[in-house]
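To start, the structure itself, in structure tokens.
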Amino acid sequence: MVILSLRTLVLAALAVIFLEWVRRVFWMRRFRTQNPPIPRPASGGLSHEKVSIIIPARDEEKNIGNCLSHLMKQDYPNYEILVVDDRSSDRTPHLLENFKRLSPVPFKIIRIEKLPPGWTGKNHAMHVASKAATGDWLLFTDADTTHASDSVRAALQEALSRKADFLTLAPQVECRSFWEHTVQPLAVSSLALWFKATELNEEGSGTVLANGQFILVKKNIYEAIGGNESVKTEVIEDVELAKKIKAAGSRVLFLNGTEIYSTRMYTSLAQIFKGWTRIFIHLFEKKIPLILHKVFLFIFFSLLPFAVLSYEKFLWLSGSSSFDAAIFTLSAVVCSWIVLVRFIGNRLLKANPWYAFLHPLGSAVMAWLLLVCVGRILSGGRSEWRGDRY
């Protein structure tokens, strides 16, 4: 009787998991329909309000050249570039001087030698640069981004047409190494699944999300809420800034920017752990039950079917009388369906679709990463980024 009950429970669980992944197919279709990439800008008819592009840079010798070479080729007629050399110890200062000499647009280098008490590094860099900016709009972007030649014009056109005061864009995420291909698409798609875009952009919605890799904000609106100084202790300053601006009654939009810029967030498993734990700990506001819920989702919906299939295959190969053909068949169907859905999802994300076959590995990494977040919260451990600990 106990064995029968356990068998029924396993079959029921596999059926629920299968239905959830069917639901996710419909979710992907709806997501693409409701959140298309912002359009490439039409020619003419665009305001020539000045845009100040601000790039915080600390030890970015590997990225800053690519970022600046693309930003200097913008087809928007009225912009300036401000790069904050935030205590760099590599060749970043030397590279910046070279770019300043070659720049076809106004180019400012702001050097920071010491981080004042009570500030996070990026907040302070953004704050200092905003004081030196002369534009009507501020475009905060990161050194690890690659911009299309019309990214500034496209973003500004979208902000003006939608009457947005704060526009933040999701990027095309580049993956090159094994671990990037295995984990990054899963992490990015999970965020999209957990934070519904339709809710983010609804008037009066309390749900807020932002991406510091691309934030276009009206300077007067930014200054009215106190700028980055008002969130100077926050680790995920982008979200907190968006919350303040939305609470002040201004319009905040989170849109799809995958056609106009891309980013390579992390290059190794160590960086993936360091970066995403910092993001998740603060994005979920250090709420352990909320993080554990996400761990459960990965274990139940992503790892359990593969564990059941592996166990039943072991029983089959060993000739055990405990082998259950029904459970084996259903688990094989569910696992195949999950891989197929991930294959399609990776293609939509412009990631290597064949890494969908490593879905169990990527899910295990995500579950472990989230558990590390819980451990760090319980132990009072600090987040570390760019040499600073918070």
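Any residue in the stretch 102-125 that is among the polar types (S, T, N, Q) and closer than 22 Å to Ile260 by Cα? Checking the stretch 102-125: at least one residue is among the polar types (S, T, N, Q) and closer than 22 Å to Ile260 by Cα.
Cβ-Cβ contacts under 6 Å between residues 6 or more apart (or on different chains), taken from a first residue in the stretch 342-366 that is closer than 18 Å to Leu193 by Cβ to a second residue that is basic (Lys, Arg) and in a helix (DSSP H, G or I), are listed as Ala356/Arg342; His359/Arg342. Which residue is modelled with the lowest pLDDT, if the candidates are limited to the stretch 190-213 and must be touching a helix residue (DSSP H, G or I) at 6+ places or on another chain (Cβ under 7 Å) and not in a helix (DSSP H, G or I)? Checked the stretch 190-213; the qualifying residue modelled with the lowest pLDDT is Ser205. Is it true that Phe273 is touching a helix residue (DSSP H, G or I) at 6+ places or on another chain (Cβ under 7 Å), in a helix (DSSP H, G or I) and at negative phi? It is true that Phe273 is touching a helix residue (DSSP H, G or I) at 6+ places or on another chain (Cβ under 7 Å), in a helix (DSSP H, G or I) and at negative phi. Is it true that some residue in the stretch 172-189 is under 22 Å from Asp75 (Cβ atoms), in contact with a strand residue (DSSP E or B) (Cβ under 9 Å, 6 or more places away or on another chain) and not in a helix (DSSP H, G or I)? Yes, that holds for at least one residue.
Yes or no, residue by residue, for (1) assigned to a helix (DSSP H, G or I); (2) in contact (Cβ under 8 Å) with a residue 40 or more places away in the chain:
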| position | (1), (2) |
| --- | --- |
| Asp85 | no, no |
| Val105 | no, no |
| Trp119 | no, yes |
| Asn123 | yes, yes |
| Ser130 | yes, yes |
| Leu138 | no, yes |
| Leu160 | yes, yes |
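Give Ile225, Ile236 a once-over and let me know the one that is without any contact (Cβ under 8 Å) to a residue 60 or more places away in the chain and within 16 Å of the chain's Cα centre (by Cα).
Ile236
Checking each residue in the stretch 29-71 for being among the hydrophobic types (A, V, I, L, M, F, W, C) and either surrounded by fewer than 17 Cβ atoms within 10 Å (Cβ to Cβ) or not in a helix (DSSP H, G or I) (or both) picks out Ile38, Ala42, Leu46, Val51, Ile53, Ile54, Ile55, Ala57.
The values are calculated or read from the model by the stated rules, or taken from the named source; none is laboratory data. All of these numbers come straight from a predicted model, not from anything done at the bench. Cβ atoms come from the backbone with ideal geometry, glycine included; neighbour counts cover every protein chain shown.
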